[in-house]
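Novice: Below is a structure I'd like to ask you about.
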Amino acid sequence: MEAMHAPVYFERYDVHGDMKSMPPEVMDSIRKNKVCLKGGLKTPVGGGVSSLNVQLRKELDLYASLVHCFNLKGLPTRHENVDIVVIRENTEGEYSGLEHEVVPGVVESLKVMTKFCSERIAKYAFEYAYLNNRKVVTAVHKANIMKLADGLFLESCREVASKYPGIKYNEIIVDNCCMQLVSKPEQFDVMVTPNLYGNLVANTAAGIAGGTGVMPGGNVGADHAVFEQGASAGNVGNEKILEQKKANPVALFLSSAMMLRHLQFPSFADRLETSVKRVIAEGKYMTKDLGGVSTTQEVTDAVIANLK
Amino acid sequence: MARKSFPILKQLIQQCTNRSFSSTASPRAVTLIPGDGVGPLVTDAVEQVMKAMKAPVYFDRYEVRGDMKCMPEEVMDSIKKNKVCLKGGLMTPVGGGVSSLNVQMRKELDLYASIVHCFTLPGLPTRHNDVDIVVIRENTEGEYAGLEHEVVPGVVESLKVITKYCSERIAKFAFEYADVNKRKKVTAVHKANIMKLADGLFLESCREVAAKYPEIQYEEIIVDNCCMQLVSKPEQFDVMVTPNLYGNLIANTTAGLAGGTGVMPGGNVGTDQAVFEQGASAGNVGNEKILKLKKANPVALLLSSAMMLRHLEFPSFADRLETAVRRVIAEGKFRTKDVGGDSTTQEVVDAIIAAVD
């Protein structure tokens, strides 16, 4: 950002994944600025600490998670013509965090679906598709088994779909969806999903399009937006990458380009994206997850050098 | 529990190629449920091949449709008597009030383990090589508890139930399977960073069982990372043990990677009974286009019936069937649409019958 002389300045805050809750000054800052860029927060497995990522999304009501998965020129993948945007409901579903042990050895975990949330994520998805000239919106569900919960989700999607006759709408059961994603990903365009399926579908789509190291994403709410790497696949805590400083910065670069667009600085966004794509197409500076051996700093320097 | 299921496991999976085949083996009765959609097409294929091989099984056919309210009693009795069943496919209606017959069957017979064996077949073009993954999925609880209710209009709660009992027995099954089949690694798939109690319980059970099998490597992986790794480096996985929902998605993803749901065999195993069917169906049972053109792929059900023959202790028939199927696929002349050809079901069946020696 500094090299580009982009008209943004950052207010830094230090947060650790194992804190009990987000510090109030951080939340106030996000509410004031309305835009946030996040590196990554490691959520401990098991134990009693609830995920700060999830808490952030709930408190700011960032109800839509966007992950844009697409093939980049110069990045060899097994699948071609991938250009999928996964829009995932971000606040309820399986991530409600409501669990309890009924008797020792028996645990119930609640998955909550509401018409309110399903409707607004469906509206977001169709609005996104409409504004970005997308042609097809696919709803992902498992309503043959979870008839009421996913049935409610589907109903909401169908209602919203009828208001956008220009956009094609179809539905797919999530297990068939996984299968189709790995065999014919080009059939998908925009996908709208409840929380858990969205997580898995986004990570699968990111994997087929080049890996989680390059896919941008954001969490959007009615008033605020937090941009971060599209799909992290739990790699935030990977100590090997940390020690060798070989984390891939591309995903966050592209996410910050999304952020610049959100802040209505499209020319800066374009310059950043063009530079990143050029570095990848050249293929000289790539981190380990893309098959290269560069460090984070080397890739960053290459991107800065390519800025026009 | 593990002690009791061990003999069934041993029969189910081991390749006992040294056992001689006796022509006076008494035929075993197998309950056959063609089902609806493309089900009858593929079970008919199996019947033809079994007859051509003169396999010592005879089928007790029962008609069941996916939109029935519940499984007819005589069918359940037949399965309990025969202990083995072959199922074509049952279409579960989306939404509405009818509960899935597939799920009901698994619960009633307590078929607690679903096995899907996904592997690349020579001759079948896939983007990934060296895939040989067995997905062992808990089949009775988890997200498929079917316990949903509308709290107030517009708000629905769906219960995911995880118990130590079920988690423990699926973990035991997975490690026993790995041990018996000389597999090297078992990976537990979970989302315990978010669902701490539920998946945490699952993981605990897996860890306890893992401690009893020190020669088998045990790993854990978060389900979203797992999906990503599956599509980039599937060769790192061997046996995977998962709760119900993740297992469904992973089995289908892996089947897609290794060649498609049309060719992967699978079975649902309980302590007393076993039901064999196509490994992962991805909801295609009701696909009307395939049905009309009679182009359903019979390979998956044929390989599943080979698993069934092993289970019934007819290993030489199982070997002959599998060899014939692999030969037809390797030759590549007769393939249904889902694997890149355009033969009909019948043409593939004829080719396999011709290849059986």
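The values are calculated or read from the model by the stated rules, or taken from the named source; none is laboratory data. Keep in mind that what you see is a predicted model, and the values were worked out from it rather than measured. Cβ sites come from the backbone with ideal geometry, for glycine too, and all protein chains shown count toward neighbours. For accessibility, only protein heavy atoms count, side chains too; no ligands or nucleic acids. Shrake-Rupley method; radii C 1.70, N 1.55, O 1.52, S 1.80 Å.
Novice: Would you please name the residue that is nearest to the other protein chains (Cβ to nearest Cβ), looking only at residues in segment B:136-157 that are among the hydrophobic types (A, V, I, L, M, F, W, C) and touching a Leu at 6+ places or on another chain (Cβ under 8 Å)?
Specialist: The first filter runs over segment B:136-157 and keeps only residues among the hydrophobic types (A, V, I, L, M, F, W, C), leaving B:136, B:145, B:147, B:151-152, B:155-156.
Next cut, touching a Leu at 6+ places or on another chain (Cβ under 8 Å) only: B:145, B:147, B:156.
Details: B:Ala145: 9, B:Leu147: 9, B:Val156: 5 Å.
Filtering first and then ranking leaves B:Val156.
Novice: Look through segment B:312-336, keep the residues that are assigned to a helix (DSSP H, G or I) and among the hydrophobic types (A, V, I, L, M, F, W, C), and return whichever of them is surrounded by the most Cβ atoms within 10 Å (Cβ to Cβ).
Specialist: By that ranking, first place goes to B:Leu321.
Novice: Oh, and also: Could you tell me whether segment B:134-144 includes any residue that is under 21 Å from the mean Cα position of the chain (by Cα), open to solvent by 20 Å² or more (accessible area, probe 1.4 Å) and of a type in the set (Lys, Arg)?
Specialist: Yes: one or more hits.
Yes or no, residue by residue, for (1) closer than 15 Å to B:Ser167 by Cβ; (2) facing chain A (nearest Cβ under 9 Å); (3) surrounded by 24 or more Cβ atoms within 10 Å (Cβ to Cβ):
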position	(1), (2), (3)
B:Asp199	yes, yes, yes
B:Arg207	yes, no, no
B:Val223	no, yes, yes
B:Leu230	no, yes, yes
B:Asp238	no, no, no
B:Ile250	no, yes, yes
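Novice: A follow-up question, please. Looking only at residues in segment A:133-174 that are assigned to a helix (DSSP H, G or I) and open to solvent by less than 10 Å² (accessible area, probe 1.4 Å), which one is farthest from the other protein chains (Cβ to nearest Cβ)?
Specialist: So the residue we want is A:Val160.
Novice: Here is a check on your reading of the model: is A:Cys178 within 7 Å of chain B (Cβ to nearest Cβ) and either assigned to a helix (DSSP H, G or I) or under 21 Å from the mean Cα position of the chain (by Cα) (or both)?
Specialist: yes
Novice: For B:Leu203, all conditions in the list (1) within 12 Å of chain A (Cβ to nearest Cβ); (2) open to solvent by 10 Å² or more (accessible area, probe 1.4 Å) hold save one; what is the number of the exception?
Specialist: (2)
Novice: B:Ala296: at pLDDT below 85 and away from chain A (no Cβ under 13 Å), yes or no?
Specialist: Considered against the rule, which asks whether it is at pLDDT below 85 and away from chain A (no Cβ under 13 Å), B:Ala296 comes out as yes.
Novice: Okay, moving on. So A:Leu56 fits all but one of (1) touching a residue at least 60 places away in the same chain (Cβ under 8 Å); (2) open to solvent by 80 Å² or more (accessible area, probe 1.4 Å); (3) under 21 Å from the mean Cα position of the chain (by Cα); what number is the exception?
Specialist: Every condition holds for A:Leu56 apart from (2).
Novice: Go through segment B:158-183 residue by residue and tally those that are of a type in the set (Val, Ile, Thr), in a strand (DSSP E or B) and either more than 7 Å from chain A (Cβ to nearest Cβ) or open to solvent by 10 Å² or more (accessible area, probe 1.4 Å) (or both).
Specialist: Of the residues in segment B:158-183, 2 are of a type in the set (Val, Ile, Thr), in a strand (DSSP E or B) and either more than 7 Å from chain A (Cβ to nearest Cβ) or open to solvent by 10 Å² or more (accessible area, probe 1.4 Å) (or both).
Novice: Let me ask another. Looking at segment B:44-146, what strands (runs of 3 or more DSSP E) fall wholly within it and have at least 3 residues that are at pLDDT 85 or above and closer than 30 Å to A:Ala149 by Cα?
Specialist: Ranges flagged: B:113-119, B:132-138.
Novice: Based on this model, can you work out whether A:Glu108 counts as closer than 30 Å to B:Leu197 by Cα, touching an Asp or Glu at 6+ places or on another chain (Cβ under 9 Å) and either assigned to a helix (DSSP H, G or I) or open to solvent by 30 Å² or more (accessible area, probe 1.4 Å) (or both)?
Specialist: yes
Novice: In this structure, does B:Glu108 turn out to be more than 9 Å from every other protein chain (Cβ to nearest Cβ) and out of contact with any strand residue (DSSP E or B) (no Cβ under 9 Å at 6 or more places or on another chain)?
Specialist: In short, yes.
Novice: Can you find even one residue in segment A:10-22 that is within 13 Å of chain B (Cβ to nearest Cβ) and touching a Pro at 6+ places or on another chain (Cβ under 8 Å)?
Specialist: yes
Novice: Would you confirm whether or not segment A:78-85 contains a residue that is open to solvent by 10 Å² or more (accessible area, probe 1.4 Å) and within 11 Å of chain B (Cβ to nearest Cβ)?
Specialist: Yes, segment A:78-85 contains at least one residue that is open to solvent by 10 Å² or more (accessible area, probe 1.4 Å) and within 11 Å of chain B (Cβ to nearest Cβ).
Novice: Another question, if that's okay. Could you list, in sequence order, the residues of segment A:50-83 that are part of a loop (DSSP other than H, G, I, E, B) and in contact with an Asp or Glu (Cβ under 9 Å, 6 or more places away or on another chain)?
Specialist: A:Leu60, A:Asp61, A:Tyr63, A:Asn71, A:Gly74, A:His79, A:Glu80, A:Asn81, A:Val82
Novice: Tally time: how many residues in segment B:184-197 are within 18 Å of B:His117 (Cβ to Cβ) and either open to solvent by 10 Å² or more (accessible area, probe 1.4 Å) or aromatic (Phe, Trp, Tyr) (or both)?
Specialist: Here the count works out to 2.
Novice: I'd like the full set of residues that are of a type in the set (Lys, Arg) and under 22 Å from B:Lys196 (Cα atoms), limited to segment A:59-105.
Specialist: In the first step, residues of segment A:59-105 are kept if they are of a type in the set (Lys, Arg); the result is A:73, A:78, A:88.
Scanning segment A:59-105 gives a single hit, A:Arg88.
Novice: Residue check, A:Ser109 against (1) within 14 Å of another protein chain (Cβ to nearest Cβ); (2) within 21 Å of the chain's Cα centre (by Cα); (3) among the polar types (S, T, N, Q), all met but one. Which one?
Specialist: If we test A:Ser109 against (1) within 14 Å of another protein chain (Cβ to nearest Cβ); (2) within 21 Å of the chain's Cα centre (by Cα); (3) among the polar types (S, T, N, Q), just (2) comes out false.
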